[in-house]
Amino acid sequence: MNYFKKWSLLTIVVISVLFVFGCGIKAPEETQEVKVKVIPVETLEVTKGEFKKTLTLSGVTNPNNTLNVTPKIAGAEKVININIKEGDKVNKGQTLALLDQSTILIQQNQVQKVYDDALINYERNKALYEVGAIPKANFEQIETTLYQAKNNLDAQKLALNNTIVKAPISGIVTAVNVVEGGLVTAQTPLSTIVDVSSLEINTSINEIQIKKVAQGQEVEIIVPSASDKVYNGKINYISPVTDERTKSYPIKIKIDNSKGELKAGMYAKIGLTTDVLKDVVKIPRKAVTTRDGENRVFVVEEGKAVLKKVNTGLSNETDIEIIDGLNVGEKLIITGNEDIVHGDLVTIVNRGEN
C-alpha cells in the first residue's frame, strides 16, 4: 500500500514538473521583415549658364493711329456716293466718298474764264512791254491780275478735289457716320479709320527699374487671348517724369501687327529683361526651400538626400541664381524635396529615363 502511494506521489510530481517546464517553453518567434522607406525624386545636374532676370509688366494694345476723316470743304455739301462700310480695309489715298460737285464746277468754269482772259491779256501786253510800247507800271498791274486769276483757279481746283474724300492713312474703317444724300461739313466726321498694322502698349515701371531699361530695347510679348505665341516688341518711349497718380514712369512699347493677328484692346503680358548674368549657377526656383530664414537644397549622394545650405542671388519666375553652396555636376533634387530630410534614402526617377 505504501508502495502504491509512493508511486502515485512520484507520478504526480513528474507530471507537475513536466507541466511547469512545458508551459515555460515558447515557440520560436517568426522573423519580421523591416521595410526601409525609399523616396522617389527627380534630379537635375547642376550646370553654369546665362541667367536673365525678366520683369513682367502688363498693358492693353492700342492702335498705332486713329483718325476721324472730315471733308475739307467751305460749306455744306451733299454726299453723292459712299464707297466704304464698317470693317473694310482701306489704303492711303483710296476714295471713301464723293460729294456734290455741281456748285464748285460752276464756280470753277467762271474762274477758268477769268484766268484764260487774263493770260491772253498778259501775253499780248508782254510783247508790247518788251518793245517799250507800254510803261512798266502798267505791265506789272497786268502781271498781278494774272497771278490773282491763277490763284483763284488753283483754289477752285482744290475745292473740287476736296469733294473726293480720300483715306489719309491705311487701316480699317471702324465707323461710317453719313449716308448717301445726307449733308456733310468740315465739322462732320465722315468716317473713322484705325491703323493696326502696328500696336502700342502703354505700361509703366518704377524708379529702380527705369535705370535698367532703354529706348529701343527689345521685349517679349504674349497676348493670351490671341495665342501662346511670343511676339517681339520695342520700347519706343520712356517718360522723363513720373505719373503723379501712380508714382511710376510711363513707357510705350511698339509691336508689329502687319499680319493682323492681334486686335486693339487686347490684354498683353510683357517680359522686360533688366539683368543678364554670364556663366553663373542657376537652378529651378522650386528646388529651393526656406527654413528658419535659410535657403536650402537637397542633392543625391550615394543614394541619400544630402542637405545643403545655399546663398541665392537674382531670381525670375522660373529660375534662381546660386552664389555659393552648390557645385557644378551635383545631382540636385528638383521634385520630391518637399518632405525629405537629410539622410533619407532616395531613388532617382527622372522623367524620360528608364
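Read the figures in this text as sums done on the coordinates, not as results from a lab. This one's a predicted model, so the numbers in the text were calculated from it and none came from an experiment. Heads up, the Cβs are rebuilt from the backbone with ideal geometry, glycines too, and the neighbour counts pull from every protein chain shown.
Amide H contacts for Asn65 (H built 1.01 Å from N in the peptide plane; partners 5 or more residues away or on another chain; cut-off under 5 Å): Asp195. Among the trypsin sites (Lys or Arg not before Pro) in the stretch 266-354, those located in a DSSP loop and surrounded by at most 13 other Cβ atoms within 10 Å of their own Cβ are Arg351.
Counting neighbouring Cβ atoms within 10 Å and putting the fewest first, the residues Lys229, Lys53 line up as Lys229, Lys53. Got a sec? Charge dipole of the chain, +1 on Cβ for Lys and Arg, -1 for Asp and Glu; which of Thr290, Gly271, Gln215 is way out at the positive end? Most positive-ward Cα: Thr290. Karplus-derived 3J(HN,Hα) values for the stretch 255-270, using 6.51 cos²θ - 1.76 cosθ + 1.60 with θ = phi - 60°, are 10, 5, 9, 5, 7, x, 6, 10, 10, 5, x, 7, 6, 10, 9, 10 Hz; glycine and proline are entered as x. For Lys211, Lys150, the sequence from fewest to most other C-beta atoms within 10 Å is Lys211, Lys150.
Here the Kirkwood formula puts the hydrodynamic radius of the stretch 260-354 at 15.7 Å, using every distinct Cα pair. So what does the Cα-only Debye profile of the stretch 105-153 read at q = 0.24, 0.29 Å⁻¹, as log10 I(q)/I(0), no solvent term? So the normalised log intensities are -0.78, -0.98.
Applied to the stretch 74-83, the Karplus parametrisation 6.51 cos²θ - 1.76 cosθ + 1.60 on θ = phi - 60° returns per-residue 3J(HN,Hα) values of 7, x, 10, 10, 7, 7, 8, 8, 10, 9 Hz, with x for Gly and Pro. Cross-link partners for Lys282 among the aspartates and glutamates, with Cα-Cα distance under 16 Å and sequence neighbours closer than 8 places in the same chain left out: Glu45, Glu50, Glu317, Asp319, Glu321, Asp324, Glu330. Within the chain, the whole DSSP H helices whose Cα atoms reach 18 Å or more along their own axis and whose mean Kyte-Doolittle score is at least 0.0 are 2-24. Spin-label model, Ile106/Met266: points 7 Å from Cα along the beta carbon direction are separated by 5.4 nm.
Close amide H pairs (under 5 Å, H built 1.01 Å from N) link Lys304 with Val346, residues at least 5 positions away or on another chain. Shown here is the pair-distance distribution of the stretch 300-354: with all Cα-Cα distances grouped in 5 Å bins from zero up to the longest one, the shares run 4, 15, 23, 25, 19, 11, 2 percent. Using a cut-off of 25 Å between Cα atoms, the listed pairs Lys52/Lys259; Lys211/Lys254; Lys52/Lys309; Lys212/Lys269 include Lys52/Lys259 as exceeding that distance. Going by amide H atoms built from the backbone, whose H comes under 5 Å of the H on Thr312, apart from near neighbours? Result for Thr312 returns Ile323. The charge dipole of the stretch 105-153, taken about the Cα centre with unit charges on the Cβ atoms of Lys, Arg (+1) and Asp, Glu (-1), comes to about 40 debye, rounded to the nearest 20. At full extension, Glu86 and Asn177 could sit 31.8 nm farther apart than now, given 0.36 nm per residue minus the alpha carbon distance.
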